[in-house]
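Colleague: Supplied in structure tokens, the structure appears directly below.
The values are calculated or read from the model by the stated rules, or taken from the named source; none is laboratory data. Here the structure is a predicted model, which means the values were calculated and not measured. Virtual Cβ from ideal backbone geometry, glycine too; neighbours counted across all protein chains shown. With ligands, DNA and RNA removed, areas are computed over all heavy atoms of the protein, side chains included. Shrake-Rupley method; radii C 1.70, N 1.55, O 1.52, S 1.80 Å.
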Amino acid sequence: MNKRKEAAEKLRVSLVTLDAWTKAGIIAAHRIGGRVYYTDSDINNALKKVSKS
């Protein structure tokens, strides 16, 4: 599981963009105890969606 900052770095986007993508459904987020995490498969799937656009 990757924290928000780690996921943003892997995607090479800002935290604001990552939040927008999460709200738009481009990337799935997992909330655990008030924290937000992203799996490596979530990140890879988001990259595929973005590259198709």
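Colleague: What FRET efficiency comes out for SER41 versus ALA20 if R0 is 22 angstrom and r is the Cβ-Cβ distance? Round to the nearest 0.05.
Modeller: That pair, SER41 with ALA20, gives E of 0.60.
Colleague: Sticking with this one: Relative contact order of the chain, please, whole-number percent, based on alpha carbon pairs below 8 angstrom and at least 6 residues apart.
Modeller: On the way: 45 pairs, mean separation 21.4, N = 53.
Result for the chain is 40 percent.
Colleague: When only the heavy atoms of the protein chains count and the probe is 1.4 Å, how do VAL36, VAL50 rank by accessible area, highest first? Could you put the intermediate results ahead of the total?
Modeller: Numbers: VAL36 30, VAL50 55 Å².
Ranking VAL36, VAL50 by accessible area, largest first, yields VAL50, VAL36.
Colleague: Turning to a different aspect of this structure: Please get the size of the charge dipole for the chain, origin at its Cα centre, with Cβ charges of +1 on Lys and Arg and -1 on Asp and Glu, quoted in debye to the nearest 20.
Modeller: The dipole of the chain has a size of about 80 debye.
Colleague: While we're on this one: Per-residue ellipticity at 222 nm for the chain, helices alone: DSSP H runs ≥ 4 residues times -39500 (n - 2.57), over residue total, nearest 500 deg cm²/dmol?
Modeller: So the helix-based figure for the chain works out to -17500 deg cm²/dmol.
Colleague: What distance in nm separates the two pseudo spin-label positions at ARG12 and ALA28, each 7 Å out from Cα along the beta-carbon direction?
Modeller: Inter-label distance under the simple model: 2.6 nm.
Colleague: What label, among [x] 68; [y] 117; [z] 81, belongs to volume of the Cα convex hull per residue in Å³ computed from the structure on display?
Modeller: Looking at volume of the Cα convex hull per residue in Å³ for this model, the match is [x].
Colleague: Which trypsin sites (Lys or Arg not before Pro) in the chain sit in a loop by DSSP (not H, G, I, E or B) and have at most 13 other Cβ atoms within 10 Å of their own Cβ?
Modeller: ARG12
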